[in-house]
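Have a look at the structure below before the remarks.
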Amino acid sequence: MGRKKSRPVPQDLGMPPGGADSHVHLDFPAFKGKIPQVLDRAKKSGVSTFGQVFLGPSAYLKGRDLFKPFPEVFYILGVHPHEASGFTPETCGDMAAAVKHDQRIRAIGETGFDFFYRHSSEEKQKNAFKAQLELAREMELPVVIHSREAEAETIKILKQTGFKNKKVLWHCFGQGLELGREILDQGWHISIPGSITFPKNALLREALAEIPPGRLLLETDCPFIAPEPYRGKRNEPAFMVFTALAAAEIMDMDAGDLWRQCGDNCRDFFGVN
């Protein structure tokens with residue numbers, strides 16, 4: 001039997017400091033007791049900024065202290081469409097209170113629609129989405145969008161609520177050219193996950209080739225969607241190096257330049273240093 005082919009180590013690939021993982025779930029059980037080591041590997045791989053997404057006020061209260069020693073981690077707070085059935089006016093009030101008292105919360109999200117799993121009814125998802133958009137408007141914060149098999153409805157609500165040319169980030173973009181153009185036409189930003197490295201993802205590669213570098217962010221959505229050559233493993237921020245390398249090749253850019261550009265885009269979008 002032959003030896004297993006060794007995977008490249010992201011820390012050894014020479015990416016410069018300044019990268020930003022715009023969407024992580026480091027409070028999930030997959031990272032329990034491992035956050036310092038995970039962040040250390042990421043920083044050694046060139047990732048300098050991390051957007052930690054808390055899925056609801058309870059998750060925020062439970063997990064915020066995990067990141068006290070790490071000022072490079074900012075927060076995104078929202079109720080996922082999966083949990084929309086439990087969204088109430090009290091939920092919105094708790095979110096507003098958290099935003100007022102914690103300057104590390106830099107956006108509302110991820111929020112939107114998920115018609116793939118439909119863990120909550122469409123009406124419940126719509127109510128939670130619209131309430132969070134209103135909260136973002138009141139708090140003057142960006143919005144991070146989750147939309148799965150619900151693109152038309154998501155864009156419709158965003159237009160109806162006046163979010164054209166507002167700070168909207170389409171998280172985990174995985175569709176084709178038509179949707180990409182629509183998002184860009186609305187003045188929004190797009191975040192690309194590790195699935196850009198998957199060999200059969202031709203539609204996403206076609207769309208990425210047309211996204212202006214100034215409107216692009218990178219993310220892991222860890223612990224999900226690990227890129228090649230770690231596909232199927234637990235994802236972590238260090239692996240975003242492989243996403244950047246693939247994206248740079250598609251966009252015909254120097255990988256280090258794209259890395260820094262996307263990092264700066266993230267920090268500018270969320271208003272963090």
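Since every read-out is calculated from the coordinates, none of them should be taken as a lab result. Only a predicted model underlies this, so the values are computations on that prediction, with no experimental measurement involved. Positions of Cβ are backbone-derived with ideal geometry, glycine not excepted, and every protein chain shown enters the neighbour counts.
Averaged over residues, the count of other Cβ atoms within 10 Å places the peptides 56-63, 80-87 in the sequence 80-87, 56-63, highest first. The alpha carbon centroids of the range 1-57 and the range 218-273 are separated by 10 Å. Reachable lysines from LYS5, Cα under 17 Å, same-chain residues fewer than 8 places away excluded? Excluding near neighbours in sequence, the set is LYS233. For a label point 7 Å from the Cα of ASP264 along Cα→C-beta, name the residues of the range 167-188 whose backbone N is under 13 Å from it. So the set is empty, nothing qualifies.
Gain on full extension, evaluated as 0.36 nm per residue between GLN186 and GLU138 minus their Cα-Cα distance, stands at 15.2 nm. Dividing the Cα radius of gyration of the range 75-114 by its Kirkwood radius returns 0.98 for Rg/Rh. If R0 is 30 Å, the Cβ-Cβ spacing of GLU72 and GLU123 corresponds to a FRET efficiency of close to 0.15.
Pairs of Cα atoms under 8 Å, at least six residues apart: use those to get the relative contact order of the range 16-270, whole percent. Contact order relative to length: 21 percent.
Restricting to DSSP H runs of at least four residues, report the calculated mean residue ellipticity at 222 nm for the chain, -39500 (n - 2.57) per run over all residues, nearest 500 deg cm²/dmol. Rounded to the nearest 500, the figure is -11500 deg cm²/dmol. Among GLY78, GLY33, GLY51, the largest mean-square fluctuation in a Gaussian network model of the chain (Cα springs under 10 Å) belongs to GLY33.
When semi-axes √(5λ) of the Cα gyration tensor in Å is computed from the coordinates, the matching label among (i) 25, 23, 18; (ii) 28, 22, 17; (iii) 77, 17, 16 is (ii).
The GLU249 and LYS100 beta-carbon pair, evaluated with R₀ = 41 Å, returns a calculated FRET efficiency of approximately 0.40.
With a/c under 1.5 counting as rounded, go ahead and sort the range 96-226 into rounded, prolate or oblate using the C-alpha gyration tensor (a ≥ b ≥ c being the square roots of the eigenvalues; past the cut-off, prolate if a/b is larger than b/c, else oblate). Because a/c hits 1.5 or more and a/b exceeds b/c, the range 96-226 counts as prolate.
Taking 31 Å as the cut-off for C-alpha to C-alpha distance, list the pairs among LYS100/LYS124; LYS68/LYS126; LYS62/LYS126; LYS156/LYS200 that go past it. Pairs exceeding 31 Å: LYS68/LYS126. Farthest towards the positive end of the charge dipole of the range 16-270, among the residues ALA20, THR197, LEU258, is the Cα of ALA20, using unit charges on the Cβ of Lys, Arg, Asp and Glu. Taking other C-beta atoms within 10 Å as the exposure proxy, THR111, THR49 rank THR49, THR111 from fewest upward. With a cut-off of 15 Å on the backbone N, the residues of the range 191-206 near the modelled label site 7 Å out from PHE28 along Cα-Cβ are 193-195.
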